[in-house]
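The values are calculated or read from the model by the stated rules, or taken from the named source; none is laboratory data. Source: prediction; values computed, not measured. Positions of Cβ are backbone-derived with ideal geometry, glycine not excepted, and every protein chain shown enters the neighbour counts.
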Amino acid sequence: MIENRKRPFGLLGRKLGHSFSPEIHRTISYEAGHPYDYVLFEKEPEELEDFLKSDEWAGLNVTVPYKEEVIKYLDYLSDEAADIGAVNTIVRQDGKLVGYNTDYFGFMNMMDNAGVRVEECKCLVLGDGGASKAVQQALTDMGVREMVVMSRKGNVKFSEVGNHKDADVIINTTPVGMYPKTGDSLVFPGTFPKLKFAVDLIYNPLRTNFLLQAKKSLIEPVSGLEMLVSQAMYASMLFMGEVVEDRDRIVAELVCELRKIKQNIVLIGMPGVGKSTVGRILAEKLDRPIFDTDAMIVEKEGRQIPDIFRDEGEEFFRDLETWASCELEHNVASVISCGGGIIKREENYYFLAPNSFIVFLNRDITKLPLEGRPLSLSVPMERLYKERLPLYRSWCDAEIAIDDLSPEETADEILRLFAE
């Protein structure tokens, strides 16, 4: 029986400023019919013992760096937590503190729903911390053929990654690539010739640099958002002291809803295709702010784009596009309209894509206007389109042929795809 139900449940960690957990737990508990308060408990290591011995909380989720440290303060461990040697959920039961590991169940659910079967696979696990231990135990119980754990100080170092290019699945359990250092990645998925899945436990950003590189290399990326929600469901059932029968539905709907809430919609396509117009309609329908990279550049420079091209040249303008992309790197829940050549710099993708649903608006080039578009006047439109088409397609999450669609209809189609 769970005790102290009038006290809040919460997340224990050191830095929790961008956690999704409060909204996840509030949704789950309301859906289950037993709403509870859920708060963030940021504690320094020297505060840990007193906090765990206090009665200011009813139950806890535990995140880095305390998943292993909390064990010595607990009275009992569940079987999976004992096997793993790490705890991410604590509840009070009959006056005792009991530790569980719901990461284990959340990870297995995520892998199953993503269609990752490891029985015939070599899995490379990056990191050896508390989350890694849950992953290792889950992979073992799933019957993995071969597992290699890499870390900075373990038996297999990150520097030895070249010896394991035959990996079928790579799983990142480290914080490398987490907000705000979203440009970091421990390995480059495209350099692994047999790689089928790139899995990242990170959920902020929704797609790490590691996953974006995988997508570019046609390797299936698996984000940690579903694991986060799934493990939260198991933790919530422990908090409430009962099983939620329709938990699979709640988890699936919550994952979809969180993606929609957090993701930007980014519009790319040839100059004159109508990105700005469609973007304004989307922003109004969604009640979101809109950003236009060309407008940002004009405001920064105090002159129009044809003048920038004439006075400074194309490379100077491309530098400004990269500046605008970098400025938008940490945006969420926005609509972003991009200039036609944004795709010419690879780094722009890694600034814009982590929290975004990217839509390529494709139109018959004979219907595109040329006035006021300096590059379109100096280079034949057919050549520009041929050069850029594969880049647009490598960037986008969805492509829409808009020849027969009005801007309003285009916006509605984007919203339909965005909701899937």
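Residue-wise test of (1) touching a helix residue (DSSP H, G or I) at 6+ places or on another chain (Cβ under 8 Å); (2) part of a helix (DSSP H, G or I).
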residue	(1), (2)
36	yes, no
46	no, yes
56	no, no
91	yes, no
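Give the residues of the range 206-219 that are out of contact with any Gly (no Cβ under 8 Å at 6 or more places or on another chain) and not in a helix (DSSP H, G or I), sorted by residue number.
Within the range 206-219, 206, 207, 218 qualify.
Tally time: how many residues in the range 223-248 are farther than 29 Å from residue 179 by Cβ and part of a helix (DSSP H, G or I)? Can you show your working first?
Applying the first criterion (farther than 29 Å from residue 179 by Cβ) to the range 223-248 yields 240-246.
Checking the rest, the ones that are also part of a helix (DSSP H, G or I) come to 240.
Residues meeting the conditions: 1.
Please find, within the range 11-32, the residue that is farthest from residue 239 (Cα to Cα) out of those that are part of a loop (DSSP other than H, G, I, E, B) and in contact with a helix residue (DSSP H, G or I) (Cβ under 7 Å, 6 or more places away or on another chain).
So the first thing to find is which residues in the range 11-32 are part of a loop (DSSP other than H, G, I, E, B), and the list is 14-20, 32.
Right, trim to in contact with a helix residue (DSSP H, G or I) (Cβ under 7 Å, 6 or more places away or on another chain) and you get 20, 32.
Details: 20: 18, 32: 12 Å.
Once the filter is applied, the top-ranked residue is 20.
Regarding residue 358, is this residue surrounded by 15 or more Cβ atoms within 10 Å (Cβ to Cβ), modelled with pLDDT of 95 or more and under 18 Å from residue 407 (Cα atoms)?
Here the answer is yes, as residue 358 does meet what is asked.
Give the residue that is nearest to residue 258 (Cα to Cα), with candidates limited to residues of the range 321-347 that are of a type in the set (Gly, Ala, Ser) and part of a helix (DSSP H, G or I).
Residues of the range 321-347 that are of a type in the set (Gly, Ala, Ser), as a first pass: 324-325, 333-334, 337, 339-341.
Next cut, part of a helix (DSSP H, G or I) only: 324-325.
On the way: 324: 26, 325: 23 Å.
The residue in question is 325.
Please pick out the residue among 87, 70, 98, 62 that is of a type in the set (A, V, I, L, M), at pLDDT 95 or above and within 12 Å of residue 239 (Cα to Cα).
After applying the criteria, what remains is 98.
Against the condition in the same structural domain as residue 340 (by TED's automatic domain parsing), at pLDDT 95 or above and in a loop (DSSP other than H, G, I, E, B), how does residue 288 come out, does it pass?
Yes.
Does residue 400 satisfy being at pLDDT 95 or above, surrounded by 22 or more Cβ atoms within 10 Å (Cβ to Cβ) and in contact with a strand residue (DSSP E or B) (Cβ under 9 Å, 6 or more places away or on another chain)?
The answer is no for residue 400.
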